[in-house]
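Undergrad: Okay, handing you the structure first.
The values are calculated or read from the model by the stated rules, or taken from the named source; none is laboratory data. Bear in mind the structure is a predicted one, so any value in this text is a computation, not a measurement. Every residue, glycine among them, receives a Cβ derived from its backbone with ideal geometry; neighbour counts consider all protein chains shown. The area values use the complete protein model at the heavy-atom level, side chains included, leaving out ligands, DNA and RNA. Shrake-Rupley method; radii C 1.70, N 1.55, O 1.52, S 1.80 Å.
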Amino acid sequence: MAAYATCSIEFDPMTTVENSSSALPTHALPSYLQADHLGPWGNYLQQIDRVTPYLGGLARWVETLKRPKRILVVDVPIELDNGTIAHFEGYRVQHNLSRGPGKGGVRFHEDVTLSEVMALSAWMSVKNAAVNVPYGGAKGGIRVDPGKLSRGELERLTRRYTSEIGLLIGPSKDIPAPDVNTNGQVMAWMMDTYSMNVGATATGVVTGKPVDLGGSLGRVEATGRGVFTVGVEAAKLIGLPIDGARIAVQGFGNVGRIAGRLFAEAGAKVVAVQDHTGTIVNHSGFDVPALLEHVNSTGGVSGFSSGEALSSADFWSVECEILIPAALENQITKANAGGIKARLVIEGANGPTTTDADDILNDNGVLVLPDVIANAGGVTVSYFEWVQDFSSFFWSEDEINARLVRIMQEAFAGVWQVAREHKVSLRTATFIVACQRILHAREMRGLYP
Ligand code: NAD
């Protein structure tokens, strides 16, 4: 009975502990949803609190954004090559499905936690709404260091995980994609496993697939291209010429290397790069294609001949005009934000800046292009891939890039306008645009039953 009573109160989202006559804690978050203020979920909750005053009447629905719709935690057992059985913890979180099926990547990393995946799924809801693609937000992950697995072990892990989350995913339900340490091959295994389980090839169940398996041209480069596109737009608005601008990039994987390459091709100088192997600096600018070859052959930037090694802490105070964090969350913190020399920070990664650090950057006049708009190029081309898979009609790369650039430019211009109107940061402005879209959809759909 107690469970029914709690459910019935939840139907009135305006009821709070203070004004509820029964004093039922209808807004108390379950313990696993409460803010760990040092973690990504805590950062996300603070971002929602900041946007709430701008939501007008839609604020009555804001609690929707503070709790993921569904959380699935799965055990992923696999047989290792040496015959032993290993168990890994996997997650799939659907944060919000008001605007369409869930969409968001799958991360393989030894530090993945449920609270991290919850935050990443929530940022996907915001990002998808910010660029107005018809998706809700989701994210998944496995707590594993994939570098320690053989190819066979990695394939078994991916297939078992896909089967375990098969309850939630599907082309019209929830569509995973690559994230940190996952790629087109992992997506191919996921697509095959799901297809085997349903008895028909379902290319639309994941995006970021190899082009020969229903993937889209331009997808691999899309996130970096989006980072570049909004970076160029913002640079114009603050009078910063790209030609000759000095760039520092953290993370030289899918996102960081493409963004770095596109900026270098536009005349900028990539002067510092950091990845999990180390930090290198070259004040005259790296030969980016040569650096890419070095990373491809050695697995990281460390040891690149034309760069000097730098301590990882000193990376943040390198002299540059543009800083692109494109690795993991919580990299720009109150400990290093004050030393940042860049005029523009473009968040290629999800959640790289803590709320405290965000305030320091804003106070110091550093313009931050937030993740929820800056790295939305990847999901935008994932959307194109999904549309192409449904229609089995594939577009040219030029067409894809042109549509991507148009969507990113329009979304950025809209957010810039809202930021000026309300005199708020671009992050809060993006949250205003996105949360209004999500909650408006929520309100129009109404509560079931
Ligand atoms: P990736 O696995 O291709 O690359 C990750 C990079 O980060 C690597 O260069 C790695 O060396 C570096 N790295 C890892 N740990 C580090 C550490 N402790 N310090 C410094 N560098 C470290 O991943 P990716 O796809 O490029 O994703 C990077 C970020 O971009 C993530 O936050 C991801 O969520 C976000 N993102 C990715 C996409 C996409 O399409 N791939 C889309 C949107 C956002």
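Undergrad: Obtain the nm distance between the two label points defined at VAL387 and ALA59 by a simple spin-label model: each point lies 7 Å from its Cα along the Cα-to-C-beta direction.
TA: Distance between label points: 3.6 nm.
Undergrad: Counting only helical runs of four or more DSSP H residues, what would the 222 nm mean residue ellipticity of the chain come to if each run contributes -39,500 (n - 2.57) and the total is spread over all its residues?
TA: For the chain, the value works out to -13000 deg cm²/dmol.
Undergrad: Under 5 Å between amide H atoms, partner at least 5 residues away or on a different chain: which partners does GLY208 have, H built in plane at 1.01 Å?
TA: It is SER216, by chain and number.
Undergrad: Give the ranking of TYR194, TYR383, TYR32 by solvent-accessible surface, highest area first, calculated with a 1.4 Å probe.
TA: Of TYR194, TYR383, TYR32, the descending order of accessible area is TYR32, TYR383, TYR194.
Undergrad: Name the residues whose placed amide hydrogens come within less than 5 Å of the amide hydrogen of ASN96, ignoring near sequence neighbours (fewer than 5 apart) on the same chain.
TA: So ASN96 has HN proximity to LYS69, GLY137.
Undergrad: Using the Kirkwood formula on the Cα atoms of the range 27-125, what hydrodynamic radius do you get, in angstrom to one decimal?
TA: Hydrodynamic radius (Kirkwood, Cα pairs) of the range 27-125 is 15.1 Å.
Undergrad: Enumerate the amide H contacts of ARG107 below 5 Å, restricted to partners 5 or more residues apart or on another chain; note that Pro and chain-start residues carry no placed amide H.
TA: Residues meeting the criterion, in which the H sits 1.01 Å from N, are GLY140, GLY141, ILE142.
Undergrad: Any lysines with Cα under 23 Å of the LYS103 Cα? List them, leaving off those in the same chain fewer than 8 positions away.
TA: LYS66, LYS69, LYS127, LYS139, LYS173, LYS209
Undergrad: Continuing with this model, one more query. Of all beta bridges DSSP finds with both residues in the chain, what is the antiparallel percent, to the nearest 5?
TA: Restricted to the chain, the bridges split so that about 50 percent are antiparallel.
Undergrad: Rounded to the nearest 20 debye, what is the charge dipole size of the range 222-369 about its Cα centre when +1 sits on each Lys and Arg Cβ and -1 on each Asp and Glu Cβ?
TA: 240 debye
Undergrad: Could I have the simple spin-label model distance between ASP49 and SER396, label points 7 Å from Cα toward Cβ, reported in nm to one decimal?
TA: With each label point 7 Å from Cα toward Cβ, the separation is 5.2 nm.
Undergrad: Here's something else I'd like to know. Given just the C-alpha atoms of the chain, how large is their convex hull per residue in cubic angstrom?
TA: Output value, Cα hull per residue: 156 Å³.
Undergrad: Rank ARG67, ARG92 by accessible area, highest first, at a 1.4 Å probe radius?
TA: ARG67, ARG92
Undergrad: Can you work out the Karplus-derived ³J(HN,Hα) for every residue in the range 407-424? Use 6.51 cos²θ - 1.76 cosθ + 1.60 with θ = phi - 60°, whole Hz, and x for glycine or proline.
TA: 4, 5, 5, 5, 4, 5, 4, x, 5, 4, 4, 5, 4, 5, 4, 9, 6, 10
Undergrad: Also, I was wondering about something else. Leaving out ligands, DNA and RNA, what percent of the accessible area of the range 207-356 is carbon and sulfur, probe 1.4 Å?
TA: The nonpolar share, carbon plus sulfur, comes to 51 percent.
Undergrad: A further question follows. Taking only protein heavy atoms into account and a 1.4 Å probe, give the accessible area per residue of the chain in Å².
TA: I get 41 Å² per residue for this part.
Undergrad: Given a Förster radius of 35 Å and the C-beta distance between GLN409 and ASP314 as r, what FRET efficiency does 1/(1 + (r/R0)^6) yield to the nearest 0.05?
TA: According to the calculation, E is roughly 0.50.
Undergrad: Using only Cα atoms, what Kirkwood radius does the range 316-414 have, in angstroms?
TA: Evaluated on the range 316-414, it is 15.0 Å.
Undergrad: Additional query: Packing-wise, with mean Cβ within 10 Å as the measure, how do 117-128, 151-162, 387-398 rank, highest first?
TA: 117-128, 151-162, 387-398
Undergrad: Between ASN336 and THR298, how many nm apart are label points set 7 Å from Cα along the C-beta direction?
TA: Label-label distance for ASN336 and THR298, simple model: 2.0 nm.
Undergrad: Can you work out the base-10 log of I(q)/I(0) for the range 227-354 at q = 0.19 1/Å, using the Debye formula on its C-alpha atoms alone?
TA: -1.00
Undergrad: For the range 130-147, just list the computed ³J(HN,Hα) in residue order, Karplus coefficients 6.51, -1.76 and 1.60, θ = phi - 60°, integers in Hz, with x standing in for Gly and Pro.
TA: Once rounded to whole Hz, the list reads 4, 9, 6, 8, x, 10, x, x, 8, 6, x, x, 10, 7, 7, 9, x, x.
Undergrad: Note down the net charge around ILE258, summing +1 for each Lys or Arg and -1 for each Asp or Glu among other residues with Cβ under 9 Å from its Cβ.
TA: +2
Undergrad: Stick to the Cα atoms of the range 71-121, pair each with every other, and give me the Kirkwood hydrodynamic radius in Å at one decimal.
TA: Kirkwood hydrodynamic radius for the range 71-121: 12.6 Å.
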